[in-house]
Amino acid sequence: MKKALLFLALGSISVFAHAKATQNSDQMLAQIDNVIVYAGENVDSSEEVYETINSANSAGFENCAVYLPEGELEASTTITLRRTEGGFMLECGSN
């Protein structure tokens, strides 16, 4: 099997929020709707989508979210793209 170079594009993470000053300490949850995977020699061109991963085709995708607890200034999540014998696997988890 030819090994493909996989590129992860997370356009859905780039979000700007505008909130009132009184809401700055509220808890928040940002759900990632989908992840677009590109494969092959020219992944920089982003012309041909290899696969779109979302909750409809990937068990556990609801874990692809960032939870910001009340009073905290920032939160992050980790998205791991791993090569497997059958292709690839995507895992999401909080930091």
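Report the net charge of residues surrounding Leu68, where surrounding means a beta-carbon distance below 11 angstrom and charges are Lys +1, Arg +1, Asp -1, Glu -1. Mind dumping the intermediate values first?
On the way: positive: none; negative: Asp26, Glu70, Glu72, Glu74.
Surrounding charge for Leu68 is -4.
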- [ ] Treat each spin label as a single point 7 Å out from the Cα along the C-beta direction, and report the Tyr67 to Ser25 distance in nm.
- [x] 2.1 nm
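For Thr80 and Glu41, what does the FRET efficiency come to when R0 = 35 Å and r is the distance between their Cβ atoms, rounded to the nearest 0.05? List each step's numbers first, then the result.
Working: r = 23 Å, r/R0 = 0.66.
E between Thr80 and Glu41, to the nearest 0.05, is 0.90.
Take every Cα pair under 8 Å in segment 31-90 that's 6+ residues apart, average their separations, divide by the length, and report that relative contact order as a whole percent.
Values: 54 pairs, mean separation 14.5, N = 60.
Reported as a whole number, the value is 24 percent.
Would you kindly work out the equivalent ellipsoid of segment 41-85 from its C-alpha gyration tensor and give its semi-axes, the square roots of five times the eigenvalues, largest first in whole Å?
Values: eigenvalues 157, 47, 24 Å².
The three semi-axes for segment 41-85 are 28, 15, 11 Å.
Where a number appears in this text, it was derived from the coordinates with a stated rule and is not lab data. Source: prediction; values computed, not measured. Cβ atoms come from the backbone with ideal geometry, glycine included; neighbour counts cover every protein chain shown.
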